[in-house]
1. Which cross-chain or sequence-distant (5 or more) residues have an amide H under 5 Å from the amide H of residue A:357, H modelled 1.01 Å from N in plane?
2. If neighbour count is taken as other Cβ atoms inside 10 Å, put A:216, A:289, A:142 in order from fewest to most.
3. Averaged across the residues of B:29-36, what count of C-beta atoms belonging to other chains lies within 10 Å of each residue's C-beta?
4. For a footprinting-style exposure proxy, rank A:140, A:302, A:357 by other Cβ within 10 Å, fewest first.
5. What net charge is computed for the residues neighbouring residue A:179, neighbours being all others with C-beta under 15 Å from the C-beta of residue A:179, Lys and Arg scored +1, Asp and Glu -1?
6. On C-alpha positions alone, give me the angle between the axis of helix B:70-87 and the longest principal axis of chain B, in degrees, nearest 10.
7. Amide H of residue A:297: which non-local residues (sequence gap of 5 or more, or other chain) have their own amide H closer than 5 Å, using H built in the peptide plane?
8. List the lysines whose Cα lies under 26 Å from the Cα of residue A:51, skipping any in the same chain that are fewer than 8 positions away.
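Just so you know, all these numbers are worked out from the coordinates, no wet-lab data involved. Keep in mind that what you see is a predicted model, and the values were worked out from it rather than measured. Virtual Cβ from ideal backbone geometry, glycine too; neighbours counted across all protein chains shown.
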Amino acid sequence: MYQSVPQRHHALLPRPDHDEQARQLFARDFRRYILLDVPQHTRRVYEHTVKPVLLEQAPEAASDPVTVREAMWQQGFLRAAQGLQRVSQELLWNAVVPYVECRADEVNARVRALGDGPGRGSLTLDPDFDVPAYLQDVDIHCMPGNYHAEYGPNDAAQGAVYDRGSFLYALGGVGDCNDGIGRTLIEALRQRYPDLAPRRILDLGCTMGHNTLPLCEAFPEAEIHAVDAAAPMLRYAHARARDLGCDVHWRQADVRATGYPDGHFDLVISVILFHEVHPDEIGAVFRECHRLLAPGGITAHIDIPDYFKSPDPLFVTLVDADTFHNNEPFWGEMHRRDLEGLLASAGFPDRETFRSIAPMGGFPWSFFGARRAAEVAEAAA
Amino acid sequence: MSATLRLKQTARGERPQFSEHPEVDRVMAMTMALASEVAVLRERLDTMETLASRKGVVLTEEIEAFTPEPEHEARRQQWRHDFLERVLYILRAEADQAAERNGV
């Protein structure tokens, strides 16, 4: 059975009481059951009930995920399984939001105590910032309030909601500091570019900074910057980084136009950002990466696995559940776009773009990016 | 503990309909919310029993402060898994019958 690690305590994360903890771990393990056990039943129903009919009626359609999804939906089992998956996501937030809510004043007091005044790193918020329209249509992954809800002046409560909720969502499988995906990106980067020694790094869409902080350990000589659209996340990130002894400059900015000077960075990364960017805006983010990089600089991104080209249509149907039922409208669409083509259109040389896999245990995160040409004359290439 | 801020409890975005009958979706959600509460209750009893067996006396403060040992937590995780198998038996049963109809 998959073993989860408990989340490491830090000054900002409230300690749940006995029943809150039990409720949260039930939500986590319900989710695990939905993801690891129920699909076995779904597959048996498919193999024994739906697939034989599809094969008889239209053999070629049996390999099409859309047809398989519609047939399974019609049959009814998938409605129950994916209805339960939706409920598991709702129960997760139900177990987290009230636990933060009744301690929000406490969380905010600690955020201010750690974040205000002199100390490591910096926080730059933009009171006139407009959250991109594509982030405002739905609350992503059904997190009430999304990333950017502010419930009072200088509020950071959503940071704690996301801190605890994202850890439970990942089934405790991303390390006790919630930073396993960031660490996986760094490992993949080092394998691809063994001589990597960036002096200035930017993390795009950093949320509460859980995947930004491993950069501090991996590149202790570098200056680390991180941007996000959500002020509560950044306040929480800044205080959390200080509590954990990390030096990061946080800034509220749109990932399509961050406001830093041209060629300011040697490395621009993101961690599970792109499946939450409107697919039509992916190119704009790549263009910003290109603009921000010095000649020879690298951009690298880690995101949800590219399961969508699997030859197994039922598998594609199951991994696409978040697109349809978990307020992740861009989840499946991201991988249907030509990411390497978009990187090339953004100005990166064709031969320097890549799209591969960054494994975390057996989990195949997708890993893509490019190196900017060493000479300024690249535009002619 | 103070609670001057009211956080949003429901996510923005239309909830998908799973059953042809909306009331079935409601029953499903209520059933699982109830299951969650049963799990919470069971876990609290487990904590009480564990503490009682250790000391013979149970104090509320001790219950609130209780953190299971890693092996104990692993047993709880297993229990939650088995509990879900019981509550969601209908899924297993449906798959069993589908297989049986095909002579598997």
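1. Sorted by chain and number, the residues that satisfy this are A:367.
2. In order of increasing Cβ crowding within 10 Å: A:216, A:142, A:289.
3. Going residue by residue through B:29-36 and averaging, the value is 5.
4. Sorted ascending by nearby Cβ count, the order is A:357, A:140, A:302.
5. Numbers: positive: A:8, A:164, A:183, A:240; negative: A:163, A:176, A:187, A:203, A:217, A:243.
Taking every Cβ under 15 Å from that of residue A:179, the sum is -2.
6. 30 degrees
7. Distant-sequence amide H within range of residue A:297: A:372.
8. Within the straight-line limit of under 26 Å, residue A:51 reaches these lysines: A:309.
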